[in-house]
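These notes concern the structure reproduced below.
The values are calculated or read from the model by the stated rules, or taken from the named source; none is laboratory data. Predicted, not measured: the structure shown is a model, and the values here were computed from it. Cβ atoms come from the backbone with ideal geometry, glycine included; neighbour counts cover every protein chain shown.
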Amino acid sequence: MPETALEVSDAVLRFGGITALDGVGFDVAPGETYGIIGPNGAGKTALLNCVSGVYRLDSGSVRLFGQRIDRTAPNRIAALGLSRTFQNTEHFTRFTVLDYVMLGRLRRSRASVLRSAFAWPLAEREERGERRLAHEALARFGLDHVAAEEIADLPYGVQKRIDIARAVQGEPRVLLLDEPTSGTTTGERKDVSQALRAVSEQGISTVVVDHDVDFVSRHCTRVLVVSHGKSLGCGTPAEMLRRADVVEAFLGVPAA
Amino acid sequence: MSELQISSLAPPAEDTVPASRARRRVPAWAVWLAASALFVVFAFTANLFVLLVAGTVLIYAMSAVGLNLVMGQAGLLSLGNAALMAVGAYLTGMLSGVPGWGVFPIPLLLSAVIGAVVGLLIALPALRLRGVYLALATLALQFIVAFAGDQYQEGANAVSGVQVDPIRIGGAELELGPGIILLLGAFLGLTIAVVRGLTRHAPGRMWAAIRESELAASALGVNATRWKVAAFVVSSIIITISGSLLASYNLLVSSESFSLDFAISFIVMLIIGGMGTISGAVVGALIVVALPFVLSTVANALPQEGFGEWLGDNVFYINNGLYGVLVLGFLLYRPEGMVPALRAAFDRRRRAEPATVAAPSVPDEAPDTGPAVLEVRDLTVTYHSGARAVDGVSLRVPEASIVAVLGRNGAGKTSTLRAISGFFKTEQVGLTGRILLDGKDISRTSPSSTTALGGVLVPERDKVFPSLTVGEHLALAAPHGARDILQRPHFARLAERLDQPAGLLSGGERQLLALSVAALLTPRVLLVDEFSLGLAPAMTQKVSEVIRELRDEQGLSVLLVEQNAAAALALADWVYLMEGGRVVGQGPPESMADHDLLMGVPNHA
């Protein structure tokens with residue numbers, strides 16, 4: 001078993017003339033909950049997109065349990081056991097909650113055209129099993145009562161938790177959470193916190209990108225601070241938040 | 001001021017939640033059995049003319065169901081339908097009469113194989129192209145097949161079409177009659193069963209995910225390439241088989257019958273019937289095929305003079321015109337198509353019954369400080385999906401006062417505001433209750449008339465036109481004397497930027513511009529949606545001051561919808577609290593500050 005669940009080294013990403021990531025690196029230990037913080041436009045989401053294969057790095061590498069994945073298609077990366085949530089929950093708003101959560105099980109279930117087209121009883125039995133698992137997952141996050149709703153009809157905070165429930169459904173080895181608290185109310189944030197605790201209790205290595213420094217400090221053993229596409233370093237939340245350059249990056253003014 | 005009134009904070013009653021999408025289900029096998037029995041009775045009782053039309057409907061419906069898999073499910077626009085049917089039809093024509101090969105079901109099986117290959121070929125551009133570009137690429141197939149068809153007909157010395165033998169089963173030729181109709185019905189039934197099996201299980205979810213967002217779907221682990229190819233292959237097999245059946249049914253193959261018009265007519269079927277539903281595709285095929293026959297039957301029944309004669313002479317044109325009207329009508333008013341629209345209407349009626357009994361209205365004892373400029377009574381807003389966003393809300397905005405509606409995301413605040421400003425009239429959202437502006441009911445008034453009457457919305461987004469300058473915005477609102485408003489100290493920042501496009505303004509400046517435009521429209525009541533969203537605390541305070549000034553100096557009434565509790569409590573004279581589409585409390589701001597629900601409202605200021 002390798003020492004690290006996820007390892008990003010010297011990540012460089014350019015869009016035209018703009019350098020979104022400029023030599024950022026970090027590593028996440030198995031079972032660790034790791035935070036990435038930084039001001040707007042620092043490159044946090046770009047970093048997650050590079051890890052999940054949505055963007056392709058210009059140079060540098062990404063390793064998932066030792067295996068290079070920086071040239072791998074997003075769906076292959078997902079199949080290797082890396083799940084992610086989305087910053088905006090706008091993508092699948094017309095899905096019912098149950099269908100969406102069932103999408104999360106792709107990695108564990110094999111969909112087949114032939115079986116669904118001609119072997120209905122077999123496909124139906126499998127479908128029932130999948131549905132039951134999805135209900136169980138929703139129940140774990142206290143969401144089973146909304147299973148039949150369309151995602152668009154639900155409050156933002158609930159959508160965020162549904163996305164986490166969906167991502168965990170595939171029994172990932174590494175989970176990326178993209179701004180799980182953005183746009184949520186204080187009450188909803190508690191629910192998201194609880195969901196995240198449930199995830200880390202399962203021993204899943206998790207990377208949390210968020211603006212809420214309190215939230216990240218509470219959950220993460222270590223945080224990486226990025227600003228203008230560069231890493232300001234990594235350490236325990238308390239360590240990092242004491243540093244003058246970190247405070248300055250957040251407030252935009254030199255710390256007194 | 002009256003005492004704080006908090007009605008029950010209990011969660012909304014069961015019936016208001018649009019839960020249980022589960023219909024009372026009749027078992028699937030019973031539906032199939034009943035449909036088959038009815039169909040058999042139909043096949044043996046209908047006259048030959050009706051059977052002739054029915055056979056065409058069945059074949060086209062099969063093809064439409066196949067096309068729907070690619071277009072409705074996977075969201076890939078394809079115009080290759082006619083070409084694929086032509087492939088099956090020509091293949092069947094070529095095999096016709098060839099000893100050993102022309103025998104049922106060999107032409108069908110070979111059509112399926114060729115269909116799969118052509119499907120793979122069409123899928124290649126689909127991996128790179130989307131939308132209109134993909135449709136244009138599939139159009140190439142149309143031209144290739146039409147050309148090849150013409151060449152074949154010339155070579156076979158059959159310029160007007162190639163003769164095809166009827167299907168033989170057990171030595172009997174299936175000429176027009178119950179036999180062939182039952183066979184075609186069986187094929188349509190099989191097609192529906194296969195497509196239903198696909199769409200209701202995992203493959204359907206993959207296609208839906210690709211349709212919604214291909215990139216996001218692949219991040220979820222969906223192999224978009226594989227599933228797009230699968231959609232094209234399965235769909236092409238179905239469509240090619242339907243083409244083969246069509247040739248055997250018409251006893252003729254001619255390149256003229258597989259024109260571009262023919263391809264488009266299948267898209268018409270899906271639009272009318274309902275993209276993405278199997279029954280929609282079948283209903284669409286029925287309407288499109290049967291319409292000309294119905295029209296000519298009507299024309300023949302009328303006396304052959306005057307209108308009857310005119311109709312008889314022009315059936316062809318009237319028929320095409322009607323297709324156009326139907327397509328436009330559905331695209332404009334029921335873009336989801338006939339079957340989903342009927343389903344939604346049916347669901348709504350079922351849901352409405354118990355809901356109206358429950359929904360208690362909140363005691364309407366709002367502030368009695370002067371006459372109300374705006375009054376909302378028992379407002380209910382129900383979206384298409386059946387979700388009830390606003391459920392019996394009543395509120396008043398008195399003269400020259402600021403009233404805030406607070407609540408968390410999804411509480412129904414913005415829906416209330418949109419209902420007041422008239423936006424739901426054009427969006428076919430169900431709306432009941434009364435909205436009175438100066439005593440006049442504006443619940444059925446369009447947004448522009450509502451503005452003219454004095455209800456002016458300052459929206460959360462899209463509040464300015466990015467390419468118009470600040471000066472042009474003001475001139476748009478009030479052609480004369482617009483710039484007087486800039487004399488006010490708070491708007492000084494805008495005065496400096498008169499010639500700059502609004503797209504270059506900061507968030508706070510945009511908010512100020514939107515407010516000054518709104519103030520110029522001689523409002524009675526300003527409807528302000530989330531003014532503090534994305535604003536730094538200092539700017540929030542400044543905008544608050546502007547709103548207060550508008551109340552004090554112009555005597556405006558203001559209805560605020562806010563998530564930022566601190567900002568709203570500091571500004572408002574009266575506060576309503578919403579949750580789950582209902583008003584769950586109201587009172588002066590001092591009494592609301594410690595309310596449980598507000599603890600759950602973001603409070604960054």
Take the range A:57-69 and flag every residue that is more than 17 Å from residue B:220 (Cα to Cα) and out of contact with any Pro (no Cβ under 7 Å at 6 or more places or on another chain).
A:57, A:58, A:59, A:60, A:61, A:62, A:63, A:67, A:68
Among residues belonging to the range B:264-313 that are under 30 Å from residue B:211 (Cα atoms) and among the hydroxyl-bearing types (Ser, Thr, Tyr), point out the one that is surrounded by the most Cβ atoms within 10 Å (Cβ to Cβ).
B:277
List pairs: first residue in the range B:318-335 and closer than 14 Å to residue B:267 by Cα, second residue not in a helix (DSSP H, G or I) and not hydroxyl-bearing (Ser, Thr, Tyr) anywhere in the structure, Cβ distance under 8 angstrom, at least six positions apart or on different chains.
B:330/B:337
Selection within the range A:194-220 - surrounded by fewer than 16 Cβ atoms within 10 Å (Cβ to Cβ) and within 14 Å of chain B (Cβ to nearest Cβ)
A:211, A:214
Looking only at the range A:143-153, which residues are touching a Ser or Thr at 6+ places or on another chain (Cβ under 9 Å) and in a loop (DSSP other than H, G, I, E, B)?
A:147, A:148, A:149
Contact list, first residue from the range B:550-578 and within 14 Å of chain A (Cβ to nearest Cβ) and closer than 18 Å to residue B:590 by Cα, second anywhere and in a helix (DSSP H, G or I) and of a type in the set (A, V, I, L, M, F, W, C), beta-carbon distance below 8 Å, six or more apart or interchain, is B:562/B:568; B:565/B:598; B:577/B:592; B:577/B:597; B:577/B:598
Looking only at residues in the range B:431-449 that are among the basic types (Lys, Arg) and modelled with pLDDT of 85 or more, which one is surrounded by the most Cβ atoms within 10 Å (Cβ to Cβ)?
B:434
Is it true that residue A:185 is facing chain B (nearest Cβ under 8 Å) and either free of Cβ contacts under 8 Å to residues at least 40 places away in the same chain or crowded, with 24+ Cβ neighbours inside 10 Å (or both)?
yes
Scanning the range B:167-197 for residues that are over 21 Å from residue B:42 (Cβ atoms), surrounded by 15 or more Cβ atoms within 10 Å (Cβ to Cβ) and in contact with a Phe, Trp or Tyr (Cβ under 8 Å, 6 or more places away or on another chain), which turns out modelled with the highest pLDDT?
B:194
Filtering the range B:555-576 for residues that are over 32 Å from the mean Cα position of the chain (by Cα) and of a type outside the set (Gly, Ala, Ser) leaves a count of 9
Scanning the range A:108-142 for residues that are under 20 Å from the mean Cα position of the chain (by Cα) and in a helix (DSSP H, G or I), which turns out farthest from residue A:157 (Cα to Cα)?
A:134
Restricting the range B:444-462 to residues that are assigned to a loop (DSSP other than H, G, I, E, B) and in contact (Cβ under 8 Å) with a residue 60 or more places away in the chain, the one nearest to residue B:526 (Cα to Cα) turns out to be B:454
Report the residue count in the range B:175-195 for those that are within 14 Å of chain A (Cβ to nearest Cβ) and out of contact with any helix residue (DSSP H, G or I) (no Cβ under 6 Å at 6 or more places or on another chain).
3
Counting only residues in the range A:31-78 that are in contact with a His (Cβ under 9 Å, 6 or more places away or on another chain) and among the hydrophobic types (A, V, I, L, M, F, W, C), the one surrounded by the most Cβ atoms within 10 Å (Cβ to Cβ) is identified as A:37
Filtering the range B:374-427 down to residues that are part of a strand (DSSP E or B), of a type in the set (Ser, Thr, Tyr) and more than 14 Å from chain A (Cβ to nearest Cβ) yields B:380, B:394
Exclusive hit being within 21 Å of residue A:12 (Cα to Cα) and not charged (D, E, K, R), set A:60, A:81:
A:60
Is it the case that the range A:201-214 has a residue that's closer than 27 Å to residue A:65 by Cα, without any contact (Cβ under 8 Å) to a residue 40 or more places away in the chain and not in a helix (DSSP H, G or I)?
yes
Selected residue (only one of A:123, A:152, A:147 is in contact with a Leu (Cβ under 6 Å, 6 or more places away or on another chain) and facing chain B (nearest Cβ under 10 Å)):
A:147
Check the range B:225-235 and report whether any residue there is farther than 28 Å from residue B:104 by Cα, facing another protein chain (nearest Cβ under 9 Å) and touching a His at 6+ places or on another chain (Cβ under 6 Å).
no
Report, by residue number, each residue of the range A:155-179 that is over 16 Å from residue A:205 (Cα atoms), more than 10 Å from chain B (Cβ to nearest Cβ) and outside any helix (DSSP H, G or I).
A:179
Single residue of B:103, B:132 found to be over 23 Å from residue B:257 (Cα atoms), of a type in the set (Val, Ile, Thr) and within 35 Å of the chain's Cα centre (by Cα)
B:132
Restricting attention to strands (runs of 3 or more DSSP E) lying wholly within the range A:8-107, give those where 3 or more residues are within 10 Å of chain B (Cβ to nearest Cβ).
A:82-84
So residue B:238, is it in a helix (DSSP H, G or I), within 12 Å of chain A (Cβ to nearest Cβ), in contact with a Lys or Arg (Cβ under 7 Å, 6 or more places away or on another chain) and of a type in the set (Val, Ile, Thr)
no
